[in-house]
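Enquirer: Pasting a structure below so you can have a look.
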Amino acid sequence: MAKTKFDTGGIKALLGNPRQMDRAVQENPQDVVRELATTVAVIPIKQIKSNAGQPRKAFDGDALEELASSIKAHGIIQPITVRRITGKEYQIISGERRYRASQLAGLTEMPAYIRLANDQELLEMALIENIQREDLNAWEIAVSYGRLAEEFKLTHESLSERVGKQRSTITNYLRLLKFEGDPDIKKGLIDNKISMGHARALAGVDDYAIRNSLFQQIVDQDLSVRAIEALIASYQESRKPKEPKKDASLPPHLREIQDRFNAFFGSKVQLKRDDKGKGQLLIKFANDDELNRLIDAIETEKV
């Protein structure tokens with residue numbers, strides 16, 4: 001029997017024709033899976049079912065409401081992944097939270113990657129094959145790695161072995177997925193306005209506003225990776241808490257005495273002494289109440 005042939009447009013047509021889809025899966029599963037691996041379908045929400053085996057049972061209501069509001073404003077950025085059960089029934093593999101928030105947002109359909117009932121090995125091969133393409137940008141590669149890691153529960157080490165890349169390479173690409181909520185940086189990666197090196201450096205900055213300001217500097221000033229790394233290092237250095245300065249004019253044994261006076265009075269005490277042993281003890285107070293408290297401390301000690 002001749003294998004069913006189709007292009008990406010054909011796959012989308014097959015998704016709307018369950019009988020032809022079943023035939024294509026029977027006759028040519030490898031090509032069907034290869035196309036499904038990189039095709040985002042739009043599925044009616046009423047056809048999507050939760051997975052009874054979903055390990056996560058509790059979902060924070062406030063967080064779901066926040067995500068629902070974001071979906072209303074911006075749509076669903078990352079498609080969910082579902083398994084095709086029948087022509088009009090799909091079961092969630094990953095994306096339960098996005099699915100529930102979409103229901104709260106009142107959506108009637110949502111984007112999804114579709115997997116077949118027993119296609120794990122075929123899908124893994126298809127995604128790996130997709131990663132090897134030379135025309136993919138850094139973001140597309142990161143998304144493919146992310147799908148492999150999420151859907152097959154792979155560690156960075158296992159993923160490294162499967163795709164034949166160093167573990168550090170895998171980790172660097174997966175770090176790019178933090179830009180899912182950074183539309184400007186994400187688009188900069190897709191449009192090749194910034195390099196993988198730039199993105200790797202920006203991924204180390206947690207502050208959203210600072211990160212996007214640095215991104216804009218890269219674009220506007222055509223900064224090199226080394227230049228942006230230097231800016232980030234300077235920014236991080238400025239964020240380090242500064243240690244309080246110690247009174248270098250006092251030797252250690254006099255600083256200890258000064259600290260004891262501070263503890264006794266519960267107020268700042270300044271000890272001054274010259275080389276001949278002469279000096280003064282300055283006890284600071286803010287008001288009369290503070291002065292009376294210091295007097296009480298002395299009187300109590302005398303008793």
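Enquirer: For the stretch 161-178, what does the Karplus curve 6.51 cos²θ - 1.76 cosθ + 1.60, with θ = phi - 60°, yield as ³J(HN,Hα) per residue in whole Hz, taken in order and with x for Gly and Pro?
Expert: 5, 5, 9, x, 10, 5, 4, 4, 5, 4, 4, 5, 5, 5, 5, 5, 5, 5
Enquirer: In addition: How much net charge surrounds L104 when only the other residues with a Cβ under 14 Å from the Cβ of L104 are counted, with Lys and Arg +1 and Asp and Glu -1?
Expert: Values: positive: K72, R97, R98, R100; negative: D60, D62, E65, E66, E96.
Taking every other residue near L104 into account, the sum is -1.
Enquirer: Scaled to the compact-protein estimate 2.2 N^0.38 Å, what is the alpha-carbon radius of gyration of the stretch 252-302, rounded to two decimal places? Let's see the in-between values first.
Expert: Numbers: Rg = 12.1 Å, N = 51, 2.2 N^0.38 = 9.8 Å.
Taking the Cα Rg and dividing by 2.2 N^0.38 Å, one obtains 1.24.
Enquirer: Could you tell me what fraction of 2.2 N^0.38 Å the Cα radius of gyration of the stretch 8-117 comes to, as a two-decimal ratio? Display every interim value, and only then the final one.
Expert: Numbers: Rg = 14.6 Å, N = 110, 2.2 N^0.38 = 13.1 Å.
The stretch 8-117 yields a ratio of 1.11.
Enquirer: Looking at the stretch 8-117, send over the antiparallel percent of its DSSP beta bridges, to the nearest 5.
Expert: Working: 9 of 15 bridges.
Around 60 percent of the beta bridges assigned by DSSP in the stretch 8-117 are antiparallel ones.
Enquirer: Follow-up question, since we're still on this one. Once amide H atoms are built 1.01 Å from N in the peptide plane, which residues 5 or more positions from I93, or in another chain, come under 5 Å H to H?
Expert: T81, V82, R83
Enquirer: Just list whichever of K49/K153; K153/K178; K88/K153; K49/K178; K46/K193 have alpha carbons separated by over 30 Å in the model shown. Each step should come with its number before you reach the end.
Expert: Numbers: K49/K153 21 Å; K153/K178 18 Å; K88/K153 27 Å; K49/K178 28 Å; K46/K193 40 Å.
Cα-Cα > 30 Å for K46/K193; rest within.
Enquirer: Separate question: If only Cα atoms are counted, what is the Rg of the stretch 132-239, and what is its Dmax, in Å?
Expert: In Å, with Rg to one decimal and Dmax whole: 14.4, 42.
A short reminder: the numbers here are calculations on the coordinates, not readings from a lab. Just so you know, these numbers come straight off a predicted model, no measurement behind them. Because the Cβ atoms are built from the backbone with ideal geometry, glycine has one as well, and the counts that use them run over all protein chains shown.
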